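Take a look at the structure below.
Since every read-out is calculated from the coordinates, none of them should be taken as a lab result. Source: prediction; values computed, not measured. Please note: Cβ atoms are built from the backbone with ideal geometry, for glycine as well, and neighbour counts cover all protein chains shown.
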Amino acid sequence: MSPVARLNLYHLLSQVLAYNVKGDIVEAGCFRGLTAVFLAEILLHLGSDKKLYLYDSFEGLPSSTVEDQIEEIGLFAVNTSVVLDNFSGLPKPIICKGWFQDTMPSQLPSQVAFAHLDCDLYGSIKLALENIYPRLSTGGIIAIHDYEHPKFKGVKKAVDEFCLDHNATCQNLNLNTAESWQCYIRKSAKIGML
């Protein structure tokens, strides 16, 4: 992850913590867990006791749809022990292993304050948004990693369709560089919140 992308995540997560948004932290698509480690470090540094949930099949990418045009089934497969090893010295996350349609409906926290989606594919992003957004607290944020990525075109399509269907607004963080393809959705904030 680029320094710009890391800085974006830091600012978005720290806003949620500063405003005491209710709920826990979720990452969908964690691969080796390096971004999740960064999120855990932010939580630790800012003194938060929020739990960190990681959702991944750990079997790599599922089959793609016509929206993706990617045929790399199994890309990003990793063993959960690799993820846990990267959390050395940090509180361990709650790992929810399996495909999103099998884990998210029953294993998401009841309230989500912040979610980071790095699931690369149209169907995976759509599933994550459909499951997480209803549990997202007012003022909560969903950050999407590959929104403008030229290889993962299905991500933008899924996010744009979701926002249109749910009257949500996607804020593009792409600075017209290859350093950040992110966007975020904030659930309508209360008066006085950014």
Dipole of the chain, positive direction: furthest Cα of Gly140, Leu129, Ile185, with charges on the beta-carbon: Gly140
Dimensionless Rg/Rh of region 14-53 - Kirkwood Rh, Rg from C-alpha atoms: 0.96
For the chain, built as a Gaussian network whose Cα springs stay under 10 Å, the top-fluctuating residue of Leu12, Leu164, Leu61: Leu164
Span per principal axis, largest first, for the Cα atoms of region 87-129 (Å): 35, 23, 21
Hull volume in cubic angstrom per residue (convex hull over the Cα atoms of region 1-67): 120
Region 93-165, dipole about Cα centre (Lys/Arg Cβ +1, Asp/Glu Cβ -1), debye to the nearest 20: 80
Tail beyond 20 Å, pair distance distribution of region 63-167 (Cα, percent): 46
Most to least packed among 120-133, 76-89, 16-29, 36-49 [average Cβ atoms within 10 Å]: 120-133, 16-29, 36-49, 76-89
Percentage of interatomic Cα-Cα distances in the chain larger than 27 Å: 21
Gained length - Ser88 relative to Arg32, 0.36 nm times residue gap less alpha-carbon distance: 18.8 nm
